[in-house]
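The values are calculated or read from the model by the stated rules, or taken from the named source; none is laboratory data. Bear in mind the structure is a predicted one, so any value in this text is a computation, not a measurement. Cβ: placed from backbone, ideal geometry, glycine included. Neighbour counts: every protein chain shown. Quick note on the areas: whole protein, heavy atoms, side chains included, nothing else; ligands and nucleic acids left out. Shrake-Rupley method; radii C 1.70, N 1.55, O 1.52, S 1.80 Å.
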Amino acid sequence: VGMDVRRGEVVALMGRNGAGKSTTLKTLIGMLDKRRGSVSFLGADISKSEPHHAARMGLGFVPEDRRIFTDLTVMENLEVGRQPPRRWPDGSEAPVWTPARLVKLCPHLGEMPDRQGGRMSGGEQQMLTVARTLMGNPYLVLLDEPSEGVAPVIVEQMARTILKLKEEGLCVLLSEQNLHFAQMVADRAYIIEKGRIRYSGTMAELAADAAVREQYLSV
């Protein structure tokens, strides 16, 4: 696997179930013990880093299974993820996320600040996980299957959120099977099959290549 994500860019890692999408993201954040090769993040080698070290450096991870704290409220979940503001390597300020900003980004959360995580729907939990990750003020966000198993209204909200992050200059790498969703948000795409990158190109190029879609994405 070889790929790159640039500042202010949304990149989709696509493939069928079991192709290696989630495994790749977990490898980048450091959740897997057996790792080979190198992972460069803002010029630093994090290939041997633990997840909490990568998070402190500004790498955010939104897992597919959400992993919110079910006995904490929405606002308490957000506070768990808080980290200090950051600056890009060129000295410019990176986006700073606060609960107030996140409520504007994810209005549903503002309607239930004191609701426990365990009393939220799956889609609401998904948005809470994204918001909690943003409280860490990351440079790069890894999104694992953001459109999987949530209602269409949440999918639309997720797309708007990703585009807003792009406007803020963040980098986003998302694993995704839904081609329509990826086309809504991504600039470029990689396709993975059996743990190997088989294709890379712009989303426009992928949308125009029916043979590649049939070979690697059709069920």
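Each of T23 and A151 was given a label point 7 Å from its Cα along the Cα-to-Cβ line. The distance between the two points is 3.5 nm. Distance from the C-alpha centroid of segment 45-104 to that of segment 152-167: 18 Å, rounded to the whole angstrom.
When the C-alpha to C-alpha distance is required to be over 22 Å, the pairs from K34/K194; K26/K48; K26/K194; K26/K164; K26/K104 that qualify are K26/K164; K26/K104. Relative to the Cα centre, the charge distribution of segment 32-150, modelled as +1 at Lys and Arg Cβ and -1 at Asp and Glu Cβ, gives a dipole magnitude of about 320 debye. Surface composition of the chain: carbon and sulfur atoms hold 49% of the protein heavy-atom accessible area at a 1.4 Å probe. Can you list the trypsin sites (Lys or Arg not before Pro) in segment 188-219 that are in a DSSP coil and have 16 or fewer other beta carbons within 10 angstrom? Of the trypsin sites (Lys or Arg not before Pro), the ones in loops of segment 188-219 whose Cβ has at most 16 other Cβ atoms within 10 Å are K194. Applied to segment 194-210, the Karplus parametrisation 6.51 cos²θ - 1.76 cosθ + 1.60 on θ = phi - 60° returns per-residue 3J(HN,Hα) values of 6, x, 10, 6, 10, 7, 8, x, 6, 5, 5, 5, 5, 4, 8, 10, 5 Hz, with x for Gly and Pro.
Calculated on the Cα set of segment 1-90, radius of gyration then Dmax: 14.7, 40 Å.
Whole-percent P(r), segment 45-96, all Cα pairs, 10 Å bins from 0: 19, 42, 32, 7, 0.
Dipole of the chain computed with +1 at Lys/Arg Cβ and -1 at Asp/Glu Cβ about the Cα centre; of L109, S47, L143, farthest Cα towards the positive end is S47.
Leaving out ligands and nucleic acids, and using a 1.4 Å probe, what accessible area per residue does segment 92-198 come to in Å²?
Ligands and nucleic acids excluded, the figure is 39 Å² per residue.
Of all trypsin sites (Lys or Arg not before Pro) in segment 77-138, which ones are in loop regions per DSSP and have a Cβ with at most 16 other Cβ atoms within 10 Å?
Within segment 77-138, the qualifying trypsin sites (Lys or Arg not before Pro) (loop, at most 16 other Cβ atoms within 10 Å) are R82, R86, R115.
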